[in-house]
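As structure tokens, the structure follows; a few thoughts come after it.
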Amino acid sequence: MMNIKNIYRSYTPDEILQILLEMYRISSFIDCEVDEGLEFTKDTTIYEYRTSCDLLPWHKLYKIENEIFRMNVPWTVWKELANQEDEKTLWDLCMLVSEHAKKVVIKPVTIFGKESLEAGVFLTLKRNLKERGIDVKSIRPSTSLQHWGCSHFPYLMAEVALTGTKPFESIKVKLRNDISFWRKVNIFSSNRYCIETGSIKTFRDLTKQMAKELA
């Protein structure tokens, strides 16, 4: 993988709000416990957002939020929001995250003497997934998202959402047809399902759409 160095800047509170709304939209496609069709605003209480999105209790949730946004905000800080979540709003949450999280600024990279933002997006995704402990050696632009994305879906979706792009029109989780009957009925098998991502079928499709939105 080409060695590129991430460039960072601070998020704005509005950018964090858009990321939270996109994460809700994606979750509503695949999690039956998430309430569909809700319109959250910056004035929505944190409690309403957390319960509608079927998020974990705060003593677990704050660790996940730190992981997603690559922060190290201590529990003592999160606790102030947690104890007042029925009064504090999404904007309060966005303000907190924007003070600590850093956004990767994706730049074009030069491939065969030509600058390509699409290549920059692809390489940044691979680099950031690798930093999250994902084995990315097998990922190519032609790699299908349908099977690869299922086991690493939360990490991939987090990385996409953190860029501020919204490439997926719809997402479905389906039982795979190309596996044996016994693997289909084995609920403990991690390979029983695949992700259907509409017109975005490969990493090339994904990075092309992301680059289009970022341009």
Next on the checklist: Based on DSSP loop calls and a cut-off of at most 14 other Cβ atoms within 10 Å, the longest stretch of the chain free of exposed GluC sites (Glu not before Pro) is what?
Outcome noted: 88-168
Checklist entry - Which is the longest part of the chain that has none of the chymotrypsin sites (Phe, Trp or Tyr not before Pro) sitting in a DSSP loop with at most 15 other Cβ atoms within 10 Å? => result 1-111
Checklist entry - Hey, what number do you get for the chain at 222 nm if only DSSP H runs of n ≥ 4 count, each worth -39500 (n - 2.57), divided across all residues, to the nearest 500? => result -15000 deg cm²/dmol
Checklist entry - Which residue, 31, 135, 92, tops the fluctuation ranking in a GNM of the chain built on C-alpha contacts under 10 Å? => result 135
Item to check | Flagged links, alpha-carbon separation over 32 Å, of 88/201; 60/208; 114/166; 126/172; 5/79; 137/172 | outcome: 88/201; 60/208; 5/79
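Readers should treat all values here as calculations from the given coordinates under stated rules, not as data from a laboratory. Every value quoted in this text rests on a predicted model; they were computed, and no experiment measured them. So basically every Cβ, Gly included, is an ideal-geometry build from the backbone, and we count neighbours across all protein chains shown.
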